[in-house]
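In what follows, a single structure is set out as structure tokens and then discussed.
Quick note: the coordinates plus some simple rules give every number you see, no bench work behind them. Since the model is a prediction, treat every value here as computed from it, not as a measurement. Please note: Cβ atoms are built from the backbone with ideal geometry, for glycine as well, and neighbour counts cover all protein chains shown.
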Amino acid sequence: MTMGLGLLLLIFLLPCYYCVRGVEPANSAACAFSAVYNFGDSNSDTGGISAVFVPIPPPYGEGFFHKPSGRDCDGRLIIDFIAEKLNLPYLSAYLNSLGTNYRHGANFATGGSTIRRQNETIFQYGISPFSLDMQIVQFDQFKERTKQMYQDNINSVDKSRIPVPEEFSKALYTFDIGQNDLSVGFRTMNFDQMRATMPNIVNQLANAVKNIYERGGRSFWVHNTGPIGCLPVNLFYKHNVPPGYFDKYQCVNDQNLMAQEFNKQLKDRVIKLRIELPEAAITYVDVYAAKYGLISNTKNEGFDDPMKICCGYHVNDTHIWCGNLGTANGKDLYGTACEKPSAAVSWDGVHYAEAANHWVANRILNGSFTDPPIPITQACYRQ
Ligand SMILES: *[C@@H]1O[C@H](CO)[C@@H](O)[C@H](O)[C@H]1NC(C)=O
Ligand SMILES: *[C@@H]1O[C@H](CO)[C@@H](O)[C@H](O)[C@H]1NC(C)=O
Ligand SMILES: *[C@@H]1O[C@H](CO)[C@@H](O)[C@H](O)[C@H]1NC(C)=O
């Protein structure tokens, strides 16, 4: 292309760039995200469930924060690497009442959250009462109350801890939820029943995005769900499985197929959403592919066996979870961390170790696994 034509195209595109926030010029500047608002489950909870129920014990957090940090990990989660990438502070959990700062965003995720409301308590199978619709209600309240505080002329100390009302439209809204809808499904439904619920689940996630759009949000970053069949917890109590139950990496085939079905429907729904929400920039992030890419290639990437659990004691039918006390062979035993968490994929059998989160974040945040293929720093541009 000649320089003249390039210039012409640029001039042609400019007015549109300003009116629809779209059509990203080549090498466009980084978006000025002033905040991140996150919705999700334990994959991105930075202290919510720990604050409202029982704190997550050591050795969780010891690898990076040197103490429990309300995260289901030895260190940082993908949402923390997102904050780092955008030069923003780590997100305080909305439900945490002490030591929080919401100037640059808030985190509504809680461990055990589902998209759909579930009719069970957290004391049964760990399902959080804060399903996605409740997280959105909390966000609405958060936004209204900060606006009210500004109208009430609050002091500068308070102002330094809450968002500037005008900045909600300049925030990045991130979602990582759906994994627990699958895990509830595996427990309570057969695969056909699960498939039948999928459009409704995906639609509820779309409604959450719409709700925020109607309140002025424009930039959305939506993670799909990971290969849930590859969580080492799936290997427990599985003694006589039929042939083909596991794939060659010991991932449960049927569970991963269901995750893929969810992801396919989510991606289709995101594509429709882009039409329904003409000013929204919605990035779909293939976390599944990134995580499976690591699990299927751990040796070359410098990681241990992906089915090895770094923290906790799981031998034969004795299971002492990370941070818990139990007995094995008649002796008291504490679920401690492995020697080298930096080579671990799985931290506790359900949640990824920081090293794996970092590996995945490095790949998803630069656009290698996103649709459209743009880095997170440019996720405000509608393609
Ligand atoms: C929970 O119970 C209500 C009322 O009985 C029902 O409509 C809803 O479908 C149930 N939700 C789930 C996820 O089972
Ligand atoms: C686990 O089971 C295997 C096979 O039955 C047995 O050889 C081994 O001693 C058991 N390990 C422990 C720590 O009990
Ligand atoms: C993103 O980073 C990964 C890991 O460093 C690299 O392999 C990949 O090529 C990068 N992708 C892009 C689009 O820059």
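The charge dipole of the range 189-268, taken about the Cα centre with unit charges on the Cβ atoms of Lys, Arg (+1) and Asp, Glu (-1), comes to about 240 debye, rounded to the nearest 20. Counting only Cβ charges, +1 for Lys and Arg and -1 for Asp and Glu, the dipole size of the range 232-383 around its Cα centre is about 260 debye. Compared with the direct C-alpha span, the chain from Glu261 to Glu301 gains 11.6 nm at full extension, assuming 0.36 nm per residue.
The residue list Thr318, Tyr125, Ala93 was ranked by how far each Cα lies along the charge dipole of the chain toward its positive end, using unit charges on Cβ atoms, and Ala93 comes out on top.
Rounded to the nearest 20 debye, the dipole size of the range 268-312 about its Cα centre is 60 debye, using +1 on the Cβ of Lys and Arg and -1 on the Cβ of Asp and Glu. Which helices of the chain meet both criteria: a Cα extent of 30 Å or more along the helical axis and a mean Kyte-Doolittle score no lower than -1.0, with helices taken as whole DSSP H segments? Helices passing the filter in the chain: 191-214. Ordering Phe236, Phe139, Phe53 by the number of other Cβ atoms within 10 Å of each residue's own Cβ, fewest first, gives Phe236, Phe53, Phe139. In this label model, Asn324 and Asp254 are separated by 2.5 nm, measuring between points 7 Å along each Cα→Cβ vector.
Taking label positions 7 Å along the Cα-Cβ direction at both Lys238 and Asn366, the computed distance is 3.3 nm, reported to one decimal. Counted residue by residue at 0.36 nm each, then reduced by the alpha carbon distance between them, the extension gain from Phe191 to Tyr334 reaches 47.8 nm. Between the range 289-346 and the range 201-216, what is the C-alpha centre distance in whole Å? When both Cα centres are located, 36 Å separates them.
Amide H to amide H distances under 5 Å link Leu333 with Gly326, Thr327, Ala328, where only residues 5 or more positions off or on other chains count and H is placed in the peptide plane. By other beta-carbon atoms within 10 Å, ranking Phe175, Phe81 with the fewest at the front produces Phe81, Phe175. Relative contact order, whole percent, for the range 251-383 stands at 24, derived from Cα pairs under 8 Å and 6 or more residues apart. The residues packed around Gln265, meaning those with a beta-carbon under 13 Å from its beta-carbon, carry a net charge of +2 if Lys and Arg are +1 and Asp and Glu are -1. Stretching the chain fully between Asn203 and Gln151 yields a gain of 15.2 nm (0.36 nm per residue, less the alpha carbon separation).
Any of Lys299/Lys340; Lys85/Lys340; Lys85/Lys143; Lys238/Lys308 with alpha carbons more than 21 Å apart? Name them for me.
Beyond 21 Å between Cα atoms: Lys85/Lys340; Lys85/Lys143.
Once the cut-off is 28 Å, how many percent of the Cα-Cα pairs in the chain end up in the long-distance tail? Counting pairs separated by more than 28 Å, the tail of P(r) holds 46 percent.
A convex hull fitted around the alpha carbon atoms of the range 113-209 yields 117 Å³ per residue. The calculated 222 nm mean residue ellipticity attributable to helices in the chain amounts to -11000 deg cm²/dmol, summing -39500 (n - 2.57) over DSSP H runs of n ≥ 4 and dividing by all residues.
Could you compute Rg(Cα) / (2.2 N^0.38 Å) for the range 21-177, with N its residue count?
Ratio of Rg to 2.2 N^0.38 Å for the range 21-177: 1.09.
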